1. Quick query: amide H of residue 76 versus all other amide H atoms, modeled in the peptide plane; which residues come in under 5 Å with a sequence gap of 5 or more or a different chain?
2. Highest mean first, how do 37-50, 229-242 rank when packing is the count of other Cβ atoms within 10 Å averaged over residues?
3. Of 246, 164, 305, how do they rank once you tally other Cβ atoms within 10 Å and put the fewest first?
4. For the cross-link pairs 234/270; 171/234; 137/204; 231/270; 161/189; 59/161, which exceed 24 Å when the distance is taken from alpha carbon to alpha carbon?
5. Per the Debye formula with a single identical scatterer at each Cα and no solvent contribution, what log10 I(q)/I(0) holds for segment 169-302 at q = 0.09, 0.14, 0.16 Å⁻¹?
6. Taking every pair of distinct Cα atoms and averaging 1/r, then inverting, what Kirkwood hydrodynamic radius in Å comes out for segment 31-127?
7. Cut-off 14 Å, label point 7 angstrom out along Cα-to-Cβ of residue 310: give me the residues of segment 272-300 whose amide nitrogen falls inside.
8. Going by C-beta contacts inside 10 Å, put 285, 68 in order with the fewest on the left.
Amino acid sequence: MKRGTVTGFAVIFLFLLFIPNIHALSVAPGFYRFDFEPNMKKSLTFMVWGVKKLNISYKGADLDPYITLNDPAPGGGPRTVQLLLDLPETMPKPGQNGIEFVALEIREDNAQVGGVAEIHIPILIQAPYPGTYAEMKLFADSVNQGQDVEFKILVNNLGKKDLSAVTPIVKVYSTDNNELIKTIKFDTKSVESGVIEQWIEHMKTTDVVSGPYLAVGNVTYDGGNVIGKNKGFKVGHLYMAISNYSKVLQRGKINKFFIDVESQWNSHIKNVYGTITINGTTEKTPSYAMRPWANMRFAGHFDASELELDEYDAEFAVYYEDQFTKEEGKVRIVDEIKEVTPEIVEEPTGINTTTLAIAGLSVVIVLLIILIIVLLIKKKKE
């Protein structure tokens, strides 16, 4: 066999390793959700593609007798299919009823590698509860001091009867000492059957201490029924806390040091960096961008060649937004370090290694494709 042919086979093999997922089973849409109506007739359309052959089925549990599958080419390739629903006058159970649309790849007999793909698409049908029944959701986002916290409550009337008097209330507690901070009252509203009603109120934070809080929401509706939800949130201030740092360095070498930093700010902060100072020598880490409330490890290098075996006073600092946080501690200089300093868990500001790896892999794949084409053309001419 010619050397060029061997090279071509090797290149093709490598290329195939890189493209196992170019063709993949796909289904659209990804879900259906609707409210039940007595004797409802509904056609649900699905498009399936991405593989040569596939089977279509469904799982309807109690709703099986009311479902018909319209598949124009069972066991065939990409196609459009329908589930035809002819629902009864009343659902088998109140609340959420589910059906699953299932697409299953048929593996070819001569397939050498790869598994069989299977996709389940949920179909959710909401049936009303007898009498009065409601569910609620509570939303509260974290903010910085001086910004208002927005509390949003959604009440979904899932019962057959209208609700004439729905009254939410939210109590805000400090999670540090369980102290009641604020009580937020909302207007009373009526909510018709099958309707979702919304309430929004705000809390000022100018006089609120930064930290974690818990919003405890309760909704009272007809007949004294009460439902509740809790939601945690934070009030931030511009501060970076130092939670840990290197305490041991090895004599006679350049050491990696670390500083663990916790952001207590509800916004992104760019160009954050740390420093270490021992015996009058200061070294710094690269700059990092920190996400809101992020915990992050900063890493740099310190030359301990001129230090003796001893314990030194050390100062660790983190700089951000024209501010800094400093922590004083002790660092021991030893002959040998047995433990391994953990690697940083965040990427420095700028292009990260994941992006570079993906870009590099893309270039390799393109070059492989070009090389395969060249080899095939050359072989054809021979």
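1. Long-range HN contacts for residue 76: 54.
2. On the way: 37-50: 14.6, 229-242: 17.3.
Listed from highest to lowest mean packing, they are 229-242, 37-50.
3. Numbers: 246 21, 164 13, 305 9.
Exposure proxy ranking, most exposed first: 305, 164, 246.
4. Working: 234/270 21 Å; 171/234 15 Å; 137/204 22 Å; 231/270 29 Å; 161/189 15 Å; 59/161 31 Å.
Beyond 24 Å between Cα atoms: 231/270; 59/161.
5. -0.48, -0.79, -0.91
6. Details: mean 1/r = 0.0690 Å⁻¹.
This gives a value of 14.5 Å.
7. Residues 278-281 qualify, since their backbone N sits under 14 Å from the label point.
8. Working: 285 23, 68 12.
The order, fewest Cβ neighbours first, is 68, 285.
We did not get these values from a lab; they are worked out from the coordinates using the rules stated. Note that the coordinates shown come from a computational prediction; the quantities given were computed from them, not determined experimentally. Neighbour counts run over all protein chains shown; Cβ positions are idealised from the backbone, glycine included.
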